[in-house]
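Here the structure comes first, spelled out in structure tokens, and everything after it is commentary.
None of the figures in this text is laboratory data; all of them are computed from the coordinates on show. The shown structure was predicted, so the numbers you read here are calculated from the model rather than taken from an experiment. Glycine gets a Cβ as well: all are built from the backbone with ideal geometry, and neighbour counts include every protein chain shown.
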């Protein structure tokens, strides 16, 4: 098995890195502070084709592989990891529509998602239903040829800027998955209200909102599946999002390593560069080694999405579990190398350290990934 990128993939990665450096790096801090419109910024990314990397060409995308997408997210998140959360949920909706959407839904939504003209959100979590989807209380009731949605979703990524929402709801004693078009012309009554962006530890450039659905009436073709089919689709959506967030962790850790290596070369103490001290050297060696382990796990998950889909759930859980741990531990070790330079609010590492902890919790905690892996083992 060849674990190295091909020449064309390396070239593509260099292209992504150049775009990230020229377009994302200058705006990273402003994005985190919401001094730049994320919605407009996503349109900039979309105009370059990078919101629809995996969207088929006939629907306005690049027709790339899932690994191509992972390479882009890795590059982008080496400057702003919060974009990983935004793109994780946006991409999850794209992949859901590609795999399970009708031809009408594909032609209606994929071109707009590919250009960033509309942004997608995934509304699964509730106050009493995180990983436990059977506890979902939001309802979707069929009435007079329409679906009527009532309930409240929490910690919903992209909700404030979304034009399309994937909703997990309850229809009687069964779960339903719906693709809700938030265009006012597609809403036949009721309302959707969105809380302000939640104050939080990290990943601040993305929007995290609570959403309340009050008698929201949608066309019946919003329904994608019910019961076991809905659960399988919801699992797939979260697996895609986890794999993308794993790529964000890689980009974050790569940036932390570069910062700490540069500081180790430049910073002098006791008459020598601190990189000459074994204590510093071993930290950098550990970061480098575990970063590559996380990268291989994430690339394997991306490869399995296209080539071995029966393994994707397992590999995406492994990648999320390991890559988030590596990001959390080694952004801290990189900060230790920088000392007071790392804890300054002007330091990118200070931001990365806060972001890294969030990746162990968002889109399924590390403990939830272990439950997936135990289930995959048949225990």
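For region 121-226, the relative contact order comes to 32 percent (Cα pairs under 8 Å, sequence separation of at least 6). The Cα atoms of the chain define a convex hull whose projected area, averaged across directions, is 19.3 nm². Between residue 173 and residue 3, what FRET efficiency follows from the Cβ-Cβ distance if R0 is 45 Å, with the result rounded to 0.05? FRET efficiency, residue 173 to residue 3: 0.45.
Annotation: peptides 139-150, 62-73, ranked by per-residue average of other Cβ atoms within 10 Å with the highest first, follow the order 62-73, 139-150. The label-point distance for residue 127 and residue 58, in a model that sets each label 7 Å from Cα toward Cβ, rounds to 4.6 nm. Between residue 143 and residue 281, the contour length at 0.36 nm per residue exceeds the alpha carbon distance by 43.1 nm. Full extension of the segment from residue 288 to residue 197, taken as 0.36 nm per residue of separation minus the current Cα-Cα distance, would add 29.3 nm. When Rg and the Kirkwood Rh are both derived from Cα coordinates, the Rg/Rh ratio for region 7-119 amounts to 0.97. Packing here is the average count of other Cβ atoms within 10 Å per residue, and on that basis the peptides 32-42, 262-272, 294-304, highest first, run 294-304, 32-42, 262-272. Ranked by the mean number of other Cβ atoms within 10 Å of their residues, highest first, the peptides 328-336, 102-110, 229-237, 74-82 come out as 74-82, 328-336, 229-237, 102-110. The Cα center of region 198-245 and the Cα center of region 4-83 differ in position by 22 Å. With a simple spin-label model that places each label point 7 Å from the Cα along the Cα-to-Cβ direction, the separation between residue 117 and residue 212 comes to 3.3 nm. Annotation: the residues 3, 131, sorted from fewest to most other C-beta atoms within 10 Å of their own C-beta, follow the order 3, 131. Largest first and in whole Å, the equivalent-ellipsoid semi-axes of region 239-322 read 35, 10, 8, each the square root of five times a Cα gyration tensor eigenvalue.
Listed from fewest to most Cβ neighbours within 10 Å, the set 45, 274 follows the order 274, 45. Checking the a/c ratio against 1.5 first, then a/b against b/c, what shape does the Cα gyration tensor give for region 230-379? Prolate, because a/c is 1.5 or more and a/b exceeds b/c.
Using every Cα-Cα pair within region 121-226, state what percent have a distance larger than 24 Å. Tail of the P(r) past 24 Å holds 18 percent of the pairs. Once the Cα atoms are used to define both axes, helix 66-76 deviates from the longest principal axis of the chain by about 60 degrees. On the beta carbon distance between residue 134 and residue 367, with R0 = 22 Å, the FRET formula returns roughly 0.80.
Per-residue extension of 0.36 nm, minus the Cα-Cα distance of residue 377 and residue 329, leaves a gain of 14.6 nm for this segment. Each of residue 25 and residue 344 was given a label point 7 Å from its Cα along the Cα-to-Cβ line. The distance between the two points is 1.8 nm.
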